[in-house]
């Protein structure tokens, strides 16, 4: 369990190496400064920004498939987890979907500042975005599990992995899924490294749905 800012920084360094870590440092510095005038994240969370936001996002890379080229993040907001992933893995094609104009402008500035040339930002709701199949799809604090499976259906291929950070009610959301969804997907639940109650729901297509 990551319980301190120091441990969170060390974890991010282990995931992204020195280059990735430097990009994240620059991002965090810009985030703290911009948060003075734009409510990007809760001000109460800034003293734990590396643990609560950065490492919380970076941990998803541990569960991603080895051979992945595309990553779609739904409702990226201030950059979590999608922009963190893009900064740590600039070799991948990362698409950030965010409908709010001010958030889009912020993400665009950060992508330019960090030279994330393979990161694409779509300033719209996912339902209006092109139906492109992705290797990985993530969404943090966007919607219920049932709704997310419905929203991302046209972006899922036979080998797509969904990674959805959730809270203590993750098991309840799984239990509430209709039988059709449980037949189509194989679910695994991982414990978050940054929050004792946090869970990460990982979903992959079942053999019968491929």
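Observations on the model:
- Looking across the range 22-38, the residues that are assigned to a helix (DSSP H, G or I) and either without any contact (Cβ under 8 Å) to a residue 12 or more places away in the chain or farther than 16 Å from residue 114 by Cβ (or both) come down to 22, 25, 29, 33.
- Residue that is modelled with the lowest pLDDT, among those in the range 66-97 that are over 26 Å from residue 9 (Cβ atoms) and more than 10 Å from the chain's Cα centre (by Cα): 67
- Residue match in the range 86-99 (condition: out of contact with any strand residue (DSSP E or B) (no Cβ under 7 Å at 6 or more places or on another chain), touching a residue at least 60 places away in the same chain (Cβ under 8 Å) and in a helix (DSSP H, G or I)): yes
- Looking across the range 44-73, the residues that are surrounded by fewer than 24 Cβ atoms within 10 Å (Cβ to Cβ) and under 21 Å from residue 109 (Cα atoms) come down to 46, 49.
- The listed residue being in contact (Cβ under 8 Å) with a residue 40 or more places away in the chain, farther than 17 Å from residue 126 by Cα and within 19 Å of the chain's Cα centre (by Cα), out of 203, 170: 203
- Residues (part of a helix (DSSP H, G or I) and in contact with a helix residue (DSSP H, G or I) (Cβ under 7 Å, 6 or more places away or on another chain)) located in the range 61-85: 61, 83, 84, 85
- Of the helices (runs of 4 or more DSSP H) lying entirely inside the range 102-210, those containing at least 3 residues that are surrounded by 17 or more Cβ atoms within 10 Å (Cβ to Cβ) are 145-151, 170-175.
- Selection status of residue 131, free of Cβ contacts under 8 Å to residues at least 60 places away in the same chain and over 27 Å from residue 29 (Cα atoms): yes
- Flag for residue 8 being over 17 Å from the mean Cα position of the chain (by Cα), in contact (Cβ under 8 Å) with a residue 60 or more places away in the chain, assigned to a helix (DSSP H, G or I) and surrounded by 15 or more Cβ atoms within 10 Å (Cβ to Cβ): no
- Any hit, the range 184-192, residues being closer than 26 Å to residue 38 by Cα and either in contact (Cβ under 8 Å) with a residue 60 or more places away in the chain or in contact with a strand residue (DSSP E or B) (Cβ under 8 Å, 6 or more places away or on another chain) (or both): no
- Among residues that are under 24 Å from residue 191 (Cβ atoms), in contact (Cβ under 8 Å) with a residue 60 or more places away in the chain and part of a loop (DSSP other than H, G, I, E, B), residue 15 is not included.
The values are calculated or read from the model by the stated rules, or taken from the named source; none is laboratory data. As the structure is a prediction and not an experimental result, all values here were calculated from the model. In this analysis, Cβ positions are derived from the backbone assuming ideal geometry, glycine residues included, and neighbour counts consider all displayed protein chains.
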